[in-house]
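Structure, as structure tokens:
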Amino acid sequence: MYIILTFLIFTCFEVSISGLYPDRHLLIKSYPAIQNVQSDLYEVYQEPYFYDVSVASAVAIIHAEGDGDIKGEIMFTQRHPPTGPVFIKGNITGLPNGGKNGLHIYQSGDLRHGCEKLGGHFNPYLLQHGGPKDAIRHVGDLGNVNAKEDGTATIELVDPLLSLVGGLRGIVGRAIVVTENEDDLGRGGTAESLTTGSSGKPIAAQFGGTLTEMLRILSLSCLIVCALANPQAVVNIRGDTISGDIKFTQLNDGVLLEGEIVGLKPGNHGFHIHVFGDISNGCLAAGPHFNPYAKTHGSPSAHNRHVGDLGNIVAGPDGVAKIQIKDHQISLGGETCIIGRAVVVHAGEDDLGLGGNEESLKTGNAGGRLGCGVIGTLSESSSTYQAVPLAKIIFGLLAIVVFYTTKITL
């Protein structure tokens, strides 16, 4: 009966709308129920479809803290963002044999000093620690991974709180951490249990980067993240021969980049933000330059350029490139948000789109990829969240209302 009634409702809705707008078609998406997570969901779109109905995905490449052998890959998929659960699948090897290890998402993505600067568990609602199925928990509480006798663990989770498209529960650009002990899920009867699950120190970590393009319609959610948290980010660059750190600070009129890269050959090296935060396969998985407006490659000062076109960095005779760049197109929020994307340093000089060939208008003929890193959120203090001026909150909410009122047609 319920199915028939649902069909009739949608049929009547489509007939009535079609009569008013005969040239505009409806798209109805349905999502099956997930036990203990959500009921059946239906979404109705009318042309033009301002909603991008593609899946949002992210990936975390796990590495050991120190000289350990732990490694792995964890995939995150949100089938209908911003609502609905995130599906988590992955494998980790090299874990202590036959035991449980805590699995958590942390507040920061600053891996410049290993796992020392990650802050606490990602906890935007300032609740106590719990298990992944508890009503009261940190957003970053994912429970435990169960290692087999050979030290391998398979991860298959469905989490209703996480989001891959920003907002208060957005995890892209934050660190995912494996800890040395089992998480007691807040049931240990101590203050530490209600903070960390008494799961001990991190033994492996990496932060999640974008794997597919996020939905343009949801870009303002990243803006609200920047209003509620410290508007800074960091990337740790690594390659076979190069390394370095770069800090990003959001200013009123752009983003300031400060840092240095060592181990380079003297001269100019292309320096770009790439669309994906997947730095596997020798940085090749990071994809092309970040280019949300579908323009050709150019110099940082050109009007016609990729958002990710940051020109060249210059290495001196000592192989060190000092970076002090202010860019007006990238941002730590909004539709040009770079958090969770990759920074890539190239082997050759970027010709800034002036090379006179097709490749110049795509990559600047900058050559191979010497090193890369994923841009993560930066937490400079032990405080997870800071007070936000009321005016900023009101502005953010009004911006969302105006955006949805003017852009979304159903």
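Readers should treat all values here as calculations from the given coordinates under stated rules, not as data from a laboratory. Since the model is a prediction, treat every value here as computed from it, not as a measurement. Cβ coordinates were reconstructed from backbone atoms using ideal geometry, including for glycine residues, and neighbour counts include every protein chain displayed.
Take GLN250 and THR154, extend 7 Å from each Cα along the Cα→Cβ direction, and tell me the distance between the two endpoints in nm.
4.1 nm
Determine the principal axes of the Cα atoms in region 56-210, then give the extent along each, sorted from largest to smallest and rounded to whole angstroms.
Between the extreme Cα coordinates on each principal axis of region 56-210 lie 37, 34, 29 Å.
Give me VAL86, VAL177, VAL172 sorted ascending by neighbouring Cβ count inside 10 Å, so fewest comes first. All intermediate terms of the calculation are to be shown ahead of the outcome.
Values: VAL86 22, VAL177 27, VAL172 31.
Fewest to most other Cβ atoms nearby, the residues stand as VAL86, VAL177, VAL172.
Please report THR336, THR249 as a ranked list, fewest other C-beta atoms within 10 angstrom at the top and most at the bottom. If you can, show how the numbers build up before the last one.
Working: THR336 20, THR249 17.
By the 10 Å Cβ count, ascending, the order reads THR249, THR336.
With +1 on the Cβ of every Lys and Arg and -1 on the Cβ of every Asp and Glu, and nothing else charged, how large is the dipole of region 231-377 about its Cα centre, in debye rounded to the nearest 20?
So the dipole magnitude of region 231-377 works out to roughly 140 debye.
Can you give me the long-range amide H partners of GLU73? Hydrogens built in the peptide plane at 1.01 Å from N, cutoff under 5 Å, separation of 5 or more residues or another chain.
For GLU73, the qualifying residues are ILE62, ASN91.
With only Lys, Arg, Asp and Glu charged, each at its Cβ (+1 for the first two, -1 for the last two), find how big the charge dipole of region 95-202 is about the Cα centre; round to the nearest 20 debye.
Values: 10 positive and 13 negative charges, 64 e Å.
Here region 95-202 has a charge dipole of around 300 debye.
At 0.36 nm per residue, and after removing the present C-alpha to C-alpha distance, how many nm does the segment from ALA191 to LEU354 gain when stretched out fully?
Details: separation 163, 0.36 × 163 = 58.68 nm, distance 6.10 nm.
Between ALA191 and LEU354, full extension yields an extra 52.6 nm.
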